[in-house]
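Below is one structure; the comments refer to it alone.
All of the numbers you see were taken from the coordinates with simple rules; none came from a lab. All values reported here derive from a predicted model rather than from experimental measurement. Counting neighbours? That spans all protein chains shown, and the Cβs are built from the backbone with ideal geometry, glycine included.
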Amino acid sequence: MSLTRNEIIEILKNPVAESTSFSDVDNSLFTAATATARALFNNTVYQRGIIEFSSYCRKNCHYCGLRNKNTDLVRYRLTHDEIMQAVDNAASIGMGTIVLQAGEDEDVNPHFIYTIVRTIKEKYNLAVTLSIGDHPDDVYRLWRDSGADRYLLKIETTDTDLHSLYRPGQQLYDRLNRIESLQRLGYEVGSGIIIGLPGMTEENLTDDLLLLSTMGLDMIACGPFIPHPQTPLRHAKQGSLVESLRVTALLRLLNPAANIPATSALDSLPSGCNNNGRIMGLNAGANVIMPSITPDEVRSRYSIYPGKNSPASTQHSAVKQLQSKVQQAGFTLSSQAGSSMRRTFGTQSAI
Ligand code: 5AD
Ligand code: SF4
């Protein structure tokens with residue numbers, strides 16, 4: 001489907017229904033997006049298990065609880081064996097992909113990651129995604145050589161001023177260059193944005209959507225901003241559920257073949273989603289879930305935003321509960337890798 005910049009802005013500026021149900025305009029948007037997803041994926045939902053293996057980070061993004069200056073956070077780093085135990089667990093509960101995610105931890109040697117990926121690839125027929133931030137090209141190459149299939153590097157916002165405001169010392173063009181390097185190295189590459197950072201307008205979001213849809217991405221993610229009490233944005237307003245669902249649906253319409261996750265942040269909104277946000281994401285055109293499979297001993301300390309990995313539920317019960325909700329909502333869970341359809345269908349962007 002092709003949509004102009006003005007049409008997208010208009011959709012994003014539509015008033016939000018007062019009641020708990022969506023407006024007719026939103027319902028037709030979500031129906032069109034679901035139909036587009038169904039045409040390529042049927043009702044299949046791919047499962048990527050995330051192992052959050054280190055909560056150390058050298059950076060200071062204003063929105064994120066893992067920021068280096070958050071001295072209240074008790075940090076952790078998993079060992080090789082602990083990560084492999086989590087991988088074994090992920091394989092046994094049907095994940096088709098392992099996502100290794102962490103802050104930018106300077107004390108993790110690139111060869112540590114290399115060995116982990118090799119070990120996973122030798123033991124299992126699982127896809128491996130890395131989500132560990134900014135590194136030099138030779139490190140990205142080393143990890144690609146280890147067998148890593150995918151890399152996830154979010155741009156967060158395409159507005160250059162907001163980008164450098166909320167990601168101190170970081171420039172949007174550096175991030176875009178890194179994404180191109182990863183693509184040249186043969187990774188399937190994912191990127192995405194946060195919805196509703198303070199100061200973000202519908203025009204900004206539209207530009208985000210349009211840029212993301214021309215980058216040849218294999219995966220695109222968007223999740224609502226959730227204020228974290230130990231960050232400079234502690235008093236800011238949370239991102240909107242409806243806006244996040246609209247962006248998910250628009251991403252699907254603009255990128256029919258992309259993998260689009262129903263992000264965990266949709267379920268963690270303190271108000272508005274009734275813990276059903278990820279199902280709403282699937283009903284707005286998403287085709288992937290990414291449950292945390294980080295061990296219980298540490299998972300609540302991976303505190304990017306409040307409610308990320310609820311301390312009230314164990315990893316096992318949280319995944320089981322999510323899996324049954326997805327099935328009850330009429331989707332079929334897949335344990336396949338769910339590799340990029342873009343590789344099969346050529347360029348996916350419809351703009
Ligand atoms: N709210 C929502 N998403 C966040 N992220 C980081 N902090 C927040 C927050 N407060 C997202 C960013 C980052 C990913 C690891 O988590 O998109 O890339
Ligand atoms: Fe570190 Fe990523 Fe959080 Fe930024 S968003 S502080 S890079 S973990």
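Taking the charge dipole of the chain about its Cα centre, with +1 at Lys and Arg Cβ atoms and -1 at Asp and Glu Cβ atoms, the residue from 307, 196, 241 reaching farthest to the positive side is 307.
Sorted from greatest to least, the principal axis extents spanned by the alpha carbons of segment 224-329 come out as 38, 33, 22 Å.
Adding -39500 (n - 2.57) for every DSSP H run of four residues or longer, then dividing by how many residues the chain holds, sets the calculated 222 nm ellipticity at -11500 deg cm²/dmol.
How high is the FRET efficiency between residue 109 and residue 313 when r is their beta carbon distance and R₀ equals 30 Å, given to the nearest 0.05? Walk me through the numbers on the way to the answer.
Values: r = 33 Å, r/R0 = 1.10.
That gives a FRET efficiency of 0.35.
If R0 is taken as 45 Å, the Cβ-Cβ distance between residue 141 and residue 27 corresponds to a FRET efficiency of 0.45. Per-residue Karplus couplings for segment 2-8, computed as 6.51 cos²θ - 1.76 cosθ + 1.60 with θ equal to phi - 60°, are listed in order as 10, 10, 7, 4, 5, 5, 5 Hz, Gly and Pro entered as x. Normalised by residue number, the volume inside the convex hull of the Cα atoms of segment 151-243 is 100 Å³ per residue. About its Cα centre, the dipole of the chain is roughly 460 debye, where the only charges are +1 on Lys and Arg Cβ and -1 on Asp and Glu Cβ.
Here segment 283-336 has an Rg and Dmax of 12.4, 34 Å, counting Cα atoms alone. The calculated Kirkwood hydrodynamic radius for segment 227-268 is 12.0 Å, given to one decimal from all distinct C-alpha pairs.
How far is the Cα center of segment 107-130 from the Cα center of segment 18-68, in Å? Cα centroid of segment 107-130 versus Cα centroid of segment 18-68: 25 Å apart.
What percent antiparallel are the DSSP beta bridges of segment 93-228, to the nearest 5? Let's see the in-between values first.
On the way: 0 of 17 bridges.
So the antiparallel bridges in segment 93-228 amount to around 0 percent.
Inverting the pair-averaged 1/r between distinct Cα atoms of the chain gives 20.1 Å as its Kirkwood hydrodynamic radius. From the alpha carbon centroid of segment 158-201 to that of segment 212-266 is 13 Å.
Could you give the length gained on full extension between residue 39 and residue 230, defined as 0.36 nm per residue of separation minus the Cα-Cα distance, in nm?
Values: separation 191, 0.36 × 191 = 68.76 nm, distance 4.32 nm.
64.4 nm is the gain from fully extending residue 39 to residue 230.
On the basis of the beta-carbon distance and an R0 of 25 Å, residue 336 and residue 74 show a calculated FRET efficiency of 0.10. In segment 24-338, taking the dipole from charged Cβ atoms about the Cα centre, the farthest positive-side position among 74, 148, 61 is held by 74.
Take the Cα of residue 5, step 7 Å toward its Cβ, do the same at residue 237, and the gap between the two points is 2.4 nm. Note that segment 202-219 has calculated 3J(HN,Hα) couplings of 4, 5, 4, 4, 4, 5, 4, 4, 5, 5, 4, 7, 10, 8, x, 7, 8, 9 Hz, one per residue in order, obtained from phi through the Karplus relation 6.51 cos²θ - 1.76 cosθ + 1.60 (θ = phi - 60°); glycine and proline are x. Amide H contacts of residue 59 (H built 1.01 Å from N, in plane; Pro and chain starts excluded): 68, 104 sit under 5 Å, all sequence-distant by 5 or more or on other chains.
Once the chain from residue 16 to residue 81 is taken as fully extended at 0.36 nm per residue, the excess over their C-alpha distance is 18.6 nm.
Which entries in the list 69/121; 123/325; 154/237; 69/237 go over 28 Å, if you measure between the two C-alpha atoms of each? Kindly include the intermediate steps, with their values, before the conclusion.
Values: 69/121 36 Å; 123/325 30 Å; 154/237 21 Å; 69/237 22 Å.
Result: 69/121; 123/325 exceed 28 Å.
Here the 3J(HN,Hα) profile of segment 60-75, calculated from phi with Karplus coefficients 6.51, -1.76 and 1.60 at θ = phi - 60°, is 9, 4, 5, 8, 10, x, 7, 3, 3, 6, 7, 7, 6, 7, 7, 7 Hz, Gly and Pro shown as x. Using C-alpha pairs below 8 Å separated by at least 6 residues, the relative contact order for the chain is 25 percent.
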